[in-house]
């Protein structure tokens, strides 16, 4: 272990710098490292600096500024000119660590010491990874391992030979137990032992007349020497009572010895059917190697309803016939009780030509997806536009963990990873129709594909092609076919974000895991992608993005290098600028929304203090933080900002293990209510409709069912059960423009994709 005195010295210097930077103010102007206060220091209200004046600052030791990872910041003169504001965006020294390649304590040295530096780089020591008792026995021997260049630990053990399975394919003691060729691959028997043996076909051993003999195992244990005393198969006389050919059969008629030309009567049908109806026996003839097949026999076949013969030889003619060939009758294959309800009507079917069954039911109308607000009973349950959950199976093949759902122009779009065939599938159901599949990609898609349907009916899909490790965008115009484009081939992260704005411009936010940074890609309608790097500090999973009415792009994410929550903004046609929302250790999945006034709303988990935090930044202003709940929030909060700037948040309260909802009107404060106290799953879904009604869709973990809760504006939540069948936690939920409800879930009991719908 290296000395740690220098780390202690850095800590002391940091403490001294912090003490100095908190010294007294003159007239309200704060004194910061490297920034002149100016003027008369605020005596009698005199101006100390020019309002808006910007100076470089650094509150650590002067010799540490812009050394290693340390960076100077900036401070701005206050509006009253009486002093400078705080030093922002500076990076101060930390204790040195061998975990990172940088100079954390800003002394000009890298990895010189630290509590995680374990050994002297380049030093060696003996090693052996096998059991102690096997070292230097048989083929086994020890090796050496060398301390790595950063001093954080020893490398692999080089040159060692550890025990492996014994094999007779080598002369050595492979398993290092002091014995050689005692058992293992290639070993047939113990060397020198007299063992049972058999030189005939293996399947005939100890069958019929055949029996084993004895032989001696060779010195290598790999084979038995000449076998003696075993009885082998011989040609068996036809119809013999002894099994001489050792096939387990006696009284055989083929592959046996008989007189050429001799015959036997034969019949292979059921004995009771011989000489009944059309059935009759035949003859077998010996050809010198046994009796051949039964020639001339007629055995039972299915009754032919078009003839007057007893084809199945049961003594009856035309028995078993279902109908008269060519006859027609009414038919209906829908659920019981649905015929002649709503749109459902019977069809007709025709008897098959053989009379044994009916053909397909043609011309019938079966139940379809209920369409809201048309007063038509499409699902044929006797009620039109009913507010009752209905379900349909989209696909029976096991889906991946994340489902995407969109509803546009009366069509339902379901995007999912079909894990059975390992491809990406889009299923679509139009009004009154069934789901139709389109395979987008067969190259093993990642777990979180994204789906957007634009106002013109174009379908946009974003996904990780794990076979080629690319980020791929696929687009299908209305009435067209999918074409795909590689957005980035640098191993994208698992949770990209896709937005298509009103001008059909595509916006993508993603984690480039090859360079470990946050990247943004955009493409105008009909154009090509351009990319920009937002942040080079390794982002956490769960990036968030919003596009405002002016085309400005907003992003929120966790910076895992500095362990803080960051916000980045790019005006239309401009470049990204970054702001740290909080430097406190934060969760991985911040939620982001931008309202019609340009204000930014962010909800995230404060992982250090286990709080759910709301950050608000008015257009042109700075972020202000509010704690929503201090009871250890779940990892997937949901955020919606309505048209009146009301803020709605749905989240899992882990402390009480319930589903909570928080609401804050514009300019007001948050109020909290419990939606469900039955152990909700970690990924609740939230929507707010045009009447400001609040919809929550979630899995109830206590009862293991899928629930929906609704709260009218100013009212209380009322929860209903959508299905009692076990479902996955990650569901999809959409409220359409007419208030119709749509959901998609993984039915884990049957391992299929289910679609649920309900009229308002």
Requested in this report: Among the numbered conditions (1) more than 25 Å from the chain's Cα centre (by Cα); (2) on the phi > 0 side of the Ramachandran plot, tell me where residue 758 comes up short.
Outcome: (2)
Query raised in the report: How many residues are farther than 21 Å from residue 226 by Cα and surrounded by 14 or more Cβ atoms within 10 Å (Cβ to Cβ) when one looks only at the stretch 184-200?
Result: 1
Query - Residue selected from the stretch 206-226 under the condition in a loop (DSSP other than H, G, I, E, B) and buried (at least 18 other Cβ atoms within 10 Å of the Cβ), by the criterion nearest to the chain's Cα centre (by Cα) - result: 221
Report task. Kindly provide the set of residues from the stretch 490-510 that are surrounded by 20 or more Cβ atoms within 10 Å (Cβ to Cβ) and over 22 Å from residue 572 (Cα atoms), ordered by number. Result -> 492, 493, 495
Report task. List every residue pair whose Cβ atoms sit under 8 Å apart, with the two residues 6 or more apart in sequence or on different chains, where the first one lies in the stretch 623-644 and is at positive phi and the second, anywhere, is part of a loop (DSSP other than H, G, I, E, B). Result -> 632/610; 632/654; 632/655
Report task. For residues that are part of a strand (DSSP E or B) and without any contact (Cβ under 8 Å) to a residue 40 or more places away in the chain, tally how many sit in the stretch 493-520. Result -> 5
Report summary line: Those residues of the stretch 594-612 which are in contact (Cβ under 8 Å) with a residue 40 or more places away in the chain, surrounded by fewer than 20 Cβ atoms within 10 Å (Cβ to Cβ) and in contact with a strand residue (DSSP E or B) (Cβ under 7 Å, 6 or more places away or on another chain) amount to 599
Query raised in the report: Is it true that residue 460 is more than 22 Å from residue 549 (Cα to Cα) and in a strand (DSSP E or B)?
Result: no
Query raised in the report: Within the stretch 375-406, how many residues are surrounded by 15 or more Cβ atoms within 10 Å (Cβ to Cβ) and in contact with a strand residue (DSSP E or B) (Cβ under 9 Å, 6 or more places away or on another chain)?
Result: 19
Report summary line: Note on the stretch 714-743: residues touching a residue at least 24 places away in the same chain (Cβ under 8 Å) and outside any loop (DSSP other than H, G, I, E, B) are 719, 720, 722, 723, 727, 732, 733, 734, 735, 741, 742, 743
Report task. Provide a single number: the residues in the stretch 567-589 that are under 28 Å from the mean Cα position of the chain (by Cα) and at pLDDT 95 or above. Result -> 2
Report task. Tally the residues that are farther than 20 Å from residue 222 by Cα and either in a loop (DSSP other than H, G, I, E, B) or at pLDDT 85 or above (or both), restricting the search to the stretch 148-177. Result -> 15
Query - Residues of the stretch 245-255 satisfying the condition of being surrounded by 16 or more Cβ atoms within 10 Å (Cβ to Cβ) and at pLDDT below 90 - result: 252, 253
Requested in this report: Quick one: residue 731 ticks every box in (1) surrounded by fewer than 21 Cβ atoms within 10 Å (Cβ to Cβ); (2) within 24 Å of the chain's Cα centre (by Cα) except a single one, so which number is it?
Outcome: (1)
**Report entry** Meets criteria (crowded, with 16+ Cβ neighbours inside 10 Å and under 27 Å from residue 570 (Cβ atoms)) for residue 615
**Finding:** yes
Query raised in the report: If only one of 180, 144 is surrounded by fewer than 17 Cβ atoms within 10 Å (Cβ to Cβ) and either outside any helix (DSSP H, G or I) or out of contact with any strand residue (DSSP E or B) (no Cβ under 8 Å at 6 or more places or on another chain) (or both), which one is it?
Result: 144
Report task. Looking only at the stretch 276-291, decide whether some residue is in contact with a strand residue (DSSP E or B) (Cβ under 7 Å, 6 or more places away or on another chain) and closer than 30 Å to residue 169 by Cβ. Result -> no
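Can you tell me which residues in the stretch 536-556 are assigned to a strand (DSSP E or B) and either within 30 Å of residue 478 (Cα to Cα) or at pLDDT 95 or above (or both)? Give the steps one after another, and end with the answer.
Within the stretch 536-556, the first condition is being assigned to a strand (DSSP E or B), and the residues that meet it are 539, 544-547, 553-556.
Within the stretch 536-556, 544, 545, 546, 547, 553, 554, 555, 556 meet the criteria.
The values are calculated or read from the model by the stated rules, or taken from the named source; none is laboratory data. Computed from a predicted model, the values in this text were never measured in an experiment. Every residue, glycine among them, receives a Cβ derived from its backbone with ideal geometry; neighbour counts consider all protein chains shown.
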